[in-house]
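The structure appears right after this line, and notes come after that.
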Amino acid sequence: MNRYQTVHPEQKYTAKQFDVEFPDEDACLEFLKEQRWPDGRCLCVKCGIERKHYRVTGRTAYACHACGNHIFPLAGTIFHKSTTSLRTWFYVIRLMSSTRVGVSAKHIQRETGVTYKTAWRMMKQIRKLMAEKINLSGAVEIDEAHFGGSDENKPKHLRGNRKTLALGMVERDGRVVAQVIPNVKTGTLVKAVRRTVEAGSFAITDEHMPYGKVAAGRYTHLTVNHSKEYVNGGAHTNTIDGFWSLVKRGITGVYYQVGIEYLQSYLNEYAFRYNRRKVMRPMFSLLAERTTIQVCPCAREQRLLAQPE
């Protein structure tokens, strides 16, 4: 059996497992509470000390056992003020984490019964959880990609618009960082690469002239001349080219087209899955643990920050 066609048992997360772990709304809310405040213990802003909090019947809240002050696990998260059921949110997270090339909002609409507008917004919010800032080291391949169709495929009012540029940096057999850039001028590349790739690493690129200035005095620079060859000893950009191929085939086959203002969030989605392809845990679990990230202002956290130490 081809080992690339099998899924490691530790990475599997089936629909049956999902139904067992998240059978209803209460199970989803309890999961979020445990992620933010294990065993329901947290600082009560009214009492001023850490206390146990208990579930309030009929509300998405937990109350302090001493003063009754409420805490809300959904506050500040992507679920904040959402009327969509928590279990539907978690189901969409499972769908987005169980595919290699992505899932469309129309498919989410068909699977969950929500409107297309709601499905699109849910996916947009979930992609916020996939954004991350990481540093790369070792042998790092660097190459840019262009997104956007040719003018002959565009309506007249969009013709002449330049394609969107994105810069990709990937470790050999490691992680990838993909970000939208305005141009491929030396200043732009220097800022983008040096912010991500640690000094002393191997920078492997094609012979695009600005890359030489980016690497000067900071990286060991290896190049490959793509007009003649694709591999020059240990120098090649096949890894980053493979990632860009995955992204472009996914966007073309699943999303068809992506607006310039949303391209970065889609790149974050593909990079998140790519960076965890070898992690021996279900990708759904890795993403579900991020659902407590504060993506919008939370009154309780603001009050805690305002308190003097």
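The values are calculated or read from the model by the stated rules, or taken from the named source; none is laboratory data. In this text, all values refer to a predicted model and were calculated from it rather than measured experimentally. A quick note on method: Cβ atoms are made from the backbone with ideal geometry, for glycine too, and the neighbour counts reach across all protein chains shown. In case anyone asks, the SASA skips ligands and DNA or RNA and just uses the protein heavy atoms, side chains included. Shrake-Rupley method; radii C 1.70, N 1.55, O 1.52, S 1.80 Å.
Residues in segment 7-24 that are modelled with pLDDT of 90 or more and among the basic types (K, R): K16 only. Checked against the criterion of being charged (D, E, K, R), within 30 Å of A15 (Cβ to Cβ) and open to solvent by less than 40 Å² (accessible area, probe 1.4 Å), the candidates R59, R94 yield just one match: R94. Sub-7 Å Cβ pairs linking a first residue in segment 142-153 that is farther than 25 Å from M169 by Cα and in a strand (DSSP E or B) to a second residue that is modelled with pLDDT of 65 or more and charged (D, E, K, R), at least 6 apart or interchain, number zero.
Within segment 206-235, residues that are more than 16 Å from V140 (Cα to Cα) reach partners that are charged (D, E, K, R) and surrounded by 11 or more Cβ atoms within 10 Å (Cβ to Cβ) with beta carbons closer than 6 Å, at six or more positions or on different chains, in the pairs N225/E207; H226/D206. Taking (1) at pLDDT below 90; (2) open to solvent by 60 Å² or more (accessible area, probe 1.4 Å); (3) over 25 Å from the mean Cα position of the chain (by Cα) in turn, Y4 satisfies each apart from (3). Under the condition of being over 26 Å from E34 (Cβ atoms) and either acidic (D, E) or at pLDDT 90 or above (or both), the residues counted in segment 270-309 number 4.
Residues that are of a type in the set (V, I, T) and part of a helix (DSSP H, G or I) were ranked within segment 246-269; the one that is nearest to E132 (Cα to Cα) is V247.
Being within 22 Å of S265 (Cβ to Cβ), surrounded by fewer than 18 Cβ atoms within 10 Å (Cβ to Cβ) and touching a helix residue (DSSP H, G or I) at 6+ places or on another chain (Cβ under 9 Å) is the filter here, so list the residues in segment 185-196 that pass it. Of everything in segment 185-196, just one residue is within 22 Å of S265 (Cβ to Cβ), surrounded by fewer than 18 Cβ atoms within 10 Å (Cβ to Cβ) and touching a helix residue (DSSP H, G or I) at 6+ places or on another chain (Cβ under 9 Å), namely T188. Looking only at segment 170-184, which residues are buried (at least 17 other Cβ atoms within 10 Å of the Cβ) and touching an Asp or Glu at 6+ places or on another chain (Cβ under 7 Å)? Matches in segment 170-184: V170 only.
Being modelled with pLDDT of 90 or more, hydrophobic (A, V, I, L, M, F, W, C), farther than 28 Å from T99 by Cβ and open to solvent by less than 80 Å² (accessible area, probe 1.4 Å): is that true of A27 here? Judged against the criteria, A27 is not a match. Residues in segment 71-84 include at least one that is surrounded by fewer than 14 Cβ atoms within 10 Å (Cβ to Cβ) and of a type in the set (K, R). Restricting segment 110-131 to residues that are open to solvent by 70 Å² or more (accessible area, probe 1.4 Å) and touching a residue at least 60 places away in the same chain (Cβ under 8 Å), the residue that is farthest from the chain's Cα centre (by Cα) is K124. Applying the criterion of being in a helix (DSSP H, G or I) and open to solvent by 60 Å² or more (accessible area, probe 1.4 Å) to the residues of segment 197-245, the residue that is nearest to Y274 (Cα to Cα) is N238.
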